[in-house]
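Comments concern the structure below.
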């Protein structure tokens, strides 16, 4: 069984590498076609769906009807696995850009393409770059794009929801755009933190109701952060019961 699992994982990672090159290289070119990054998303979604398909991952989406019309949104999600990015890109019909660790932008092909598409690099612990990061995200929101963040800032090791950082709440409050909570369940079993071997399986993405920030001040960031965490916790429980 271990040998079969290793062979399968090797085949999956080979497929991931091929898909990354096949979609990533034209995506770099498409990323520069105005409006910047929108054409890139067609390739990013194709890349994500191809990898999920060959990995044997089936995704069920709950409450699609809760998605508001296309507009700027601050999307917040729990973080179980690197596979979360694939699930979100493949299943959120929004003009999204992700805020991700700067190290991801150094990955050949994939990193180059997301940089060209205007995704926002984040330097944790480097406060001098914080203002520039926020300004880049605000500019995207005001242009009608949505920003996706993982407020836990790291993948869970045991499946438990980690404390949320207030960055997403601050971004929503400063921009005035709603905060959209979503929850992902099942990706930790497919690709756990620290593992290279992948497993097929089922994932559920549950979409919450947008949280309006109208009339709220920056001083309410902790309250909004807690509200988002509670919403995602409830969505996770619902998603887990439907796997």
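Points to keep in mind about this one:
- Conditions (1) more than 21 Å from residue 90 (Cβ to Cβ); (2) not in a helix (DSSP H, G or I); number of the one not met by residue 222: (2)
- Residue check for residue 183: over 15 Å from residue 220 (Cβ atoms), touching a strand residue (DSSP E or B) at 6+ places or on another chain (Cβ under 8 Å), in contact (Cβ under 8 Å) with a residue 12 or more places away in the chain and not in a helix (DSSP H, G or I): yes
- Any chance residue 96 is touching a helix residue (DSSP H, G or I) at 6+ places or on another chain (Cβ under 8 Å) and in contact (Cβ under 8 Å) with a residue 60 or more places away in the chain: no
- Looking only at residues of segment 121-137 that are in a helix (DSSP H, G or I) and either touching a helix residue (DSSP H, G or I) at 6+ places or on another chain (Cβ under 8 Å) or at pLDDT below 85 (or both), we find that the one that is surrounded by the most Cβ atoms within 10 Å (Cβ to Cβ) is 137.
- Qualifying residue in segment 198-219 (condition: surrounded by 18 or more Cβ atoms within 10 Å (Cβ to Cβ), part of a loop (DSSP other than H, G, I, E, B) and at pLDDT below 95): yes
- Residue within segment 138-151 that is part of a helix (DSSP H, G or I) and free of Cβ contacts under 8 Å to residues at least 60 places away in the same chain present: yes
- Scanning segment 186-197 for residues being over 16 Å from residue 160 (Cα atoms) and either modelled with pLDDT of 95 or more or in a strand (DSSP E or B) (or both) gives a total of 0.
- Here the helices (runs of 4 or more DSSP H) wholly within segment 1-116 that include at least 1 residues being under 15 Å from the mean Cα position of the chain (by Cα) and buried (at least 17 other Cβ atoms within 10 Å of the Cβ) are 38-54, 83-91, 110-116.
- Considered as a group, the residues in segment 166-189 that are over 15 Å from the mean Cα position of the chain (by Cα) and surrounded by 24 or more Cβ atoms within 10 Å (Cβ to Cβ) include one that is nearest to residue 93 (Cα to Cα), and that residue is 172.
- Candidates 51, 85, 28 - the one that is in contact with a helix residue (DSSP H, G or I) (Cβ under 6 Å, 6 or more places away or on another chain) and without any contact (Cβ under 8 Å) to a residue 60 or more places away in the chain: 51
The values are calculated or read from the model by the stated rules, or taken from the named source; none is laboratory data. The shown structure was predicted, so the numbers you read here are calculated from the model rather than taken from an experiment. Note that we place each Cβ from the backbone using ideal geometry, even for glycine, and neighbour counts take in every protein chain shown.
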